Amino acid sequence: MTVRTDEIADGVFRLSTFAPEVAAPMGFTFNQYLLRADQPLIFHTGPRQMFAAISEAVGRIMPVAGLRWISFGHVESDECGSMNQWLAAAPQAQVAHGATACMVSLNDLADRSPRPLADGEVLDLGGKRVRWIDTPHVPHAWESGLMFEETTGTLLAGDLFTQVGDGPALTRESLVPNAAQTEDMFKSSSLTAQLAPTIRRLAELRPATIAVMHGSCFAGDGATELSALADYYERAFRAASA
């Protein structure tokens, strides 16, 4: 198992594993993001089976034991399957997530008590600042949320913009066509009346980089890119409601 490492913004590292057997023949990437700071944070843990390879990749950037925060978008195996392995490897680490996830799942699932984050709350990592944003049911799961790294303008976008294939780590080409094709294939998003408006609120952050869990990341006018994704989902919701 090969984990590719790319620095997509200053001190923001994409750790990517390509799985050709998933969504064959295009394949699928599983990405985690390491934020290098005084209190380092990893966003997405990866599944349990990938822990050894991903932690080895992190170890080439910093000591795994020095990790301070663990976060992710929502409770799924690829998002947090190896959460407790990271907690064991990093004695000072703590899971940080929205209050809903802590109440419903993480108070029980995490081997150490998680740190609940209020909507809009900022964690000062020392050199990096991450703002938690509640996005219930967007793209899916009640407890969903995202993080926005303020110093680099990086939106840790979770499953938004999910794409099949093994594209470049970072691109200035729009992700929306591939993301729309992938959504049409997987139908993984909750098509509710709040989906497009929630994405439009994310566009107000005007991110310079969009860090995607599955597929390439985007660099450029993040507001326009998010607005285009919201347009796609608005059309999809209307079609589903017709």
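The values are calculated or read from the model by the stated rules, or taken from the named source; none is laboratory data. Because the structure is predicted, anything quoted here is derived from the model rather than measured. A quick note on method: Cβ atoms are made from the backbone with ideal geometry, for glycine too, and the neighbour counts reach across all protein chains shown. The area values use the complete protein model at the heavy-atom level, side chains included, leaving out ligands, DNA and RNA. Shrake-Rupley method; radii C 1.70, N 1.55, O 1.52, S 1.80 Å.
In table form, for the structure just shown:
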read-out: Top-ranked residue in segment 161-176 [being assigned to a loop (DSSP other than H, G, I, E, B) and of a type in the set (A, V, I, L, M, F, W, C); ranked as nearest to the chain's Cα centre (by Cα)]; value: Phe161
read-out: One residue from Gly46, Gly27, Gly11, Gly59 being open to solvent by less than 50 Å² (accessible area, probe 1.4 Å) and touching a Pro at 6+ places or on another chain (Cβ under 6 Å); value: Gly27
read-out: Failed criterion for Trp132 (all others in (1) open to solvent by 60 Å² or more (accessible area, probe 1.4 Å); (2) over 30 Å from Pro25 (Cβ atoms) hold); value: (1)
read-out: Condition broken by Met185, with the remaining ones in (1) assigned to a helix (DSSP H, G or I); (2) in contact with a Phe, Trp or Tyr (Cβ under 9 Å, 6 or more places away or on another chain); (3) among the aliphatic types (A, V, I, L, M) satisfied; value: (2)
read-out: Residue within segment 102-113 that is open to solvent by 20 Å² or more (accessible area, probe 1.4 Å), outside any strand (DSSP E or B), touching a Cys at 6+ places or on another chain (Cβ under 9 Å) and of a type in the set (D, E, K, R) present; value: no
read-out: Val95 closer than 20 Å to Ala157 by Cβ and open to solvent by 30 Å² or more (accessible area, probe 1.4 Å); value: no
read-out: Unique residue being among the charged types (D, E, K, R), farther than 23 Å from Gly165 by Cα, touching a residue at least 40 places away in the same chain (Cβ under 8 Å) and out of contact with any Lys or Arg (no Cβ under 6 Å at 6 or more places or on another chain) when the list is Asp78, Asp119, Asp134, Asp38; value: Asp38
read-out: Residue, farthest from Phe13 (Cα to Cα), within segment 199-221, restricted to residues that are part of a helix (DSSP H, G or I) and either touching a strand residue (DSSP E or B) at 6+ places or on another chain (Cβ under 9 Å) or small (Gly, Ala, Ser) (or both); value: Arg201
read-out: Filter result for the condition that a residue is hydrophobic (A, V, I, L, M, F, W, C) and either part of a helix (DSSP H, G or I) or within 19 Å of Pro168 (Cβ to Cβ) (or both), over Ile61, Ile54, Ile70; value: Ile54
